[in-house]
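Heads up, the thing below is written out as structure tokens.
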């Protein structure tokens, strides 16, 4: 059950984060981060600071700004809560535009997953976003397991 929730959360965060970085000019794009899922005490993992580490709030604001720009909402000087409220109102007001946004976002996400899969030697022909996500996740887990096995074991001297 926990794996399904974590997987769904990771997929959602991945879906929401790709267009933010794709929409930024290259010189302003932040350095790529390799942390894929949010880990922490509540998730049973302690090995890194989560999806974007200490910049989580900044990342959330970037996602909100991206969505606000799509809907023509001015973002300057607004808090995350103000943007969320205005975005919710825009979604309710123009449901067709919201559906178009989601469709466009899913297409961008699928293309991003295909690109990552190709970079890692995974065939993409005829595969859904979920299938690609699963294969990339499996590859990521195998990579981390092989890294853990290569770390030298420390001998503890008992005195």
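Some values worked out for this structure:
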read-out	value
Qualifying position, being surrounded by 16 or more Cβ atoms within 10 Å (Cβ to Cβ), out of contact with any strand residue (DSSP E or B) (no Cβ under 6 Å at 6 or more places or on another chain) and modelled with pLDDT of 90 or more, among 138, 63, 93, 118	63
Unique match (being exposed (fewer than 10 other Cβ atoms within 10 Å of the Cβ) and either modelled with pLDDT of 90 or more or on the phi > 0 side of the Ramachandran plot (or both)) among 88, 125, 111, 104	125
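The values are calculated or read from the model by the stated rules, or taken from the named source; none is laboratory data. All of these numbers come straight from a predicted model, not from anything done at the bench. Don't worry about glycine lacking a Cβ; one is built from the backbone with ideal geometry, like all the others, and counts go over all protein chains shown.
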